[in-house]
1. Would you point out which residue out of W75, W53, W79 is among the aromatic types (F, W, Y) and more than 22 Å from I22 (Cβ to Cβ)?
2. Out of the stretch 96-129, which residues are free of Cβ contacts under 8 Å to residues at least 60 places away in the same chain and of a type in the set (D, E, K, R)?
3. Scan the stretch 80-111 for residues that are at pLDDT 95 or above and small (G, A, S) and jot them down.
4. Starting from the stretch 73-95, take each residue that is free of Cβ contacts under 8 Å to residues at least 60 places away in the same chain and list its partners that are among the hydrophobic types (A, V, I, L, M, F, W, C) and loosely packed, with under 15 Cβ neighbours inside 10 Å, counting only C-beta distances under 6 angstrom and pairs at least six apart or across chains.
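The values are calculated or read from the model by the stated rules, or taken from the named source; none is laboratory data. This structure is a prediction, so every number in the text was calculated from the model and none was measured. Cβ placement follows ideal geometry from the backbone for every residue including glycine, while neighbour counts extend to all protein chains displayed.
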Amino acid sequence: MGIGRVNFRHRRTRVVARAGLIALWLATGVVSLIGLDGQSRALMVSAGTPEAWIAPVIVAGALADLLIGLAMWRWHRRWVYRLAGAVMLLMTAVATIILPTLWLDPLGSLTKNLPIAILLLILDEDAPA
């Protein structure tokens, strides 16, 4: 297999990884806004979040997800992947503090962030500064 073919495969894999992360962040933002009184609210209530904070926190998180998804769609730059990683790390830390049982969720509420972090690292290495 020639070098050109290997480079094409690596480039194609990164394009697919980036598209998947864009879809993930945009879908998460949209679903959070559509289901404002759904699962996110139930989780926050179970964590003892004051009622007045619930909607603003969900909306802020959803907007952060949408902005990251849009930034990733618009720019293939290191700062975007690092921002996404920082926000993901912050949200994971907050979720771990207020509801550590999410690590045991069989659907991977928090464990999914591990492979996402790996994809962000791969895309960061490939992206121009």
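1. Numbers: W75 fails: more than 22 Å from I22 (Cβ to Cβ); W79 fails: more than 22 Å from I22 (Cβ to Cβ).
Of the residues listed, the single one that is among the aromatic types (F, W, Y) and more than 22 Å from I22 (Cβ to Cβ) is W53.
2. Restricting attention to the stretch 96-129, the residues satisfying the condition of being free of Cβ contacts under 8 Å to residues at least 60 places away in the same chain are 96-115, 117-118, 121, 124-125, 127-129.
Result: D105, K112, D124, E125.
3. Scanning the stretch 80-111 gives A84, G85, A86, A93.
4. R78/A129
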